[in-house]
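Student: The structure that follows is given in the form of structure tokens.
FYI, it's all coordinate maths here, none of it is from the lab. Since this is a predicted model, take the numbers as computed values, not measurements. In this analysis, Cβ positions are derived from the backbone assuming ideal geometry, glycine residues included, and neighbour counts consider all displayed protein chains.
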């Protein structure tokens with residue numbers, strides 16, 4: 001399990017963290033990733049219950065109690081990231097629309113006939129060339145936030161799958177306790 005979590009950190013969290021720290025929201029991104037690392041570590045501690053030995057009933061109960069807290073935290077983080085993505089997407093679309101209108105007015109002059117006007121695809125290409133650096137920067141920010149949402153969504157789905165494992169273990173432990181008590185003649 002540690003190897004898988006290290007892979008998650010190396011492949012997903014650290015590259016996104018490095019890119020996000022270049023953005024203007026350095027403090028909030030750094031806080032977000034510190035918090036995310038803390039949550040991954042907490043999740044890892046719950047995922048190692050039993051750690052190669054028989055699972056203790058109390059360890060299982062603690063994991064079940066902690067599950068809800070982590071689940072709520074991940075849902076909150078995912079929703080915050082989605083709101084951040086929607087804002088970033090709206091800013092990008094607004095910027096793009098303004099630049100597109102500017103490029104269209106510049107290249108599709110009224111004195112030209114409509115057949116000689118640049119097509120939408122050509123205008124899009126002209127916009128990308130003329131505002132290259134700003135386009136790349138804004139697109140990078142948008143993709144960074146989109147990756148954050150995607151990562152949290154995946155993490156949330158994995159954590160929801162862990163619920164099934166915890167519930168199965170809980171059912172098995174309860175059945176074992178019931179069987180042990182029944183064999184001793186003690187009603188459970």
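Student: Only residues of the stretch 63-81 count here: report those whose backbone N is under 13 Å from the spot 7 Å along Cα→Cβ of residue 153, or say none.
Tutor: So the set is 78-79, 81.
Student: Multiply the residue separation of residue 107 and residue 134 by 0.36 nm, subtract the distance between their alpha-carbon atoms, and state the gained length in nm to one decimal.
Tutor: Between residue 107 and residue 134, full extension yields an extra 7.7 nm.
Student: Give the separation of the Cα centroids, the stretch 68-86 to the stretch 110-132, in Å.
Tutor: Cα centroid of the stretch 68-86 versus Cα centroid of the stretch 110-132: 41 Å apart.
Student: I want to check the label-to-label distance for residue 115 and residue 37. Put each point 7 Å from Cα in the C-beta direction and report it in nm to one decimal.
Tutor: Calculated label separation equals 6.4 nm.
Student: For the stretch 120-178, what are the per-bin percents of Cα-Cα distances with bins 10 Å wide, up to the bin holding the maximum?
Tutor: 19, 21, 18, 15, 12, 9, 6, 1
Student: Still on this model: Counting pairs of alpha carbon atoms under 8 Å apart in space and at least six apart in sequence, what relative contact order in percent does the stretch 58-156 give?
Tutor: Contact order relative to length: 48 percent.
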